[in-house]
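As structure tokens, the structure follows; a few thoughts come after it.
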Amino acid sequence: MTMTFPLTEERDAEALLKHLTLHKLSCPGNCVVSLKAYVAHVSSSHTTALGTARTAW
């Protein structure tokens, strides 16, 4: 499953990686993060953790 996370000045790529770690998702362990200008696409087979992380973001 792939989900999109919006990025801002306050919520940047570093903050996203920390946030994913709180939800037991680690890159490159069990998820893949693709960064764009204002969004990050996160893919993982751990759909529940990914959905929870996206909701909390």
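Let me check I've understood the local charge: for A15, count other residues with C-beta under 15 angstrom from its C-beta, Lys and Arg +1, Asp and Glu -1. What total comes out?
Surrounding charge for A15 is -1.
When all protein chains stay in place and ligands, DNA and RNA are ignored, the 1.4 Å accessible-area order of L7, L35, L25, largest first, is L35, L7, L25.
Near the amide H of A40, within less than 5 Å, lie the amide hydrogens of F5, L7, all on another chain or at least 5 residues away, with H placed in the peptide plane.
Of the GluC sites (Glu not before Pro) found in region 4-45, those in coil by DSSP whose Cβ has at most 13 other Cβ atoms within 10 Å are E9, E10. Per residue, the accessible area of the chain comes to 65 Å², computed with a 1.4 Å probe over protein heavy atoms only. Here volume of the Cα convex hull per residue in Å³ was calculated from the structure, and among (i) 47; (ii) 65; (iii) 85 it sits at label (ii).
Roughly how tilted is helix 47-56, in degrees to the nearest 10 and between 0 and 90, from the longest Cα axis of the chain? The angle comes out near 30 degrees. Ligands, DNA and RNA left out, the 1.4 Å accessible surface of the chain is 59% carbon and sulfur atoms.
The values are calculated or read from the model by the stated rules, or taken from the named source; none is laboratory data. Since this is a predicted model, take the numbers as computed values, not measurements. Quick reminder, even Gly has a Cβ in these numbers, built from the backbone with ideal geometry, and neighbours come from all protein chains shown. In case anyone asks, the SASA skips ligands and DNA or RNA and just uses the protein heavy atoms, side chains included. Shrake-Rupley method; radii C 1.70, N 1.55, O 1.52, S 1.80 Å.
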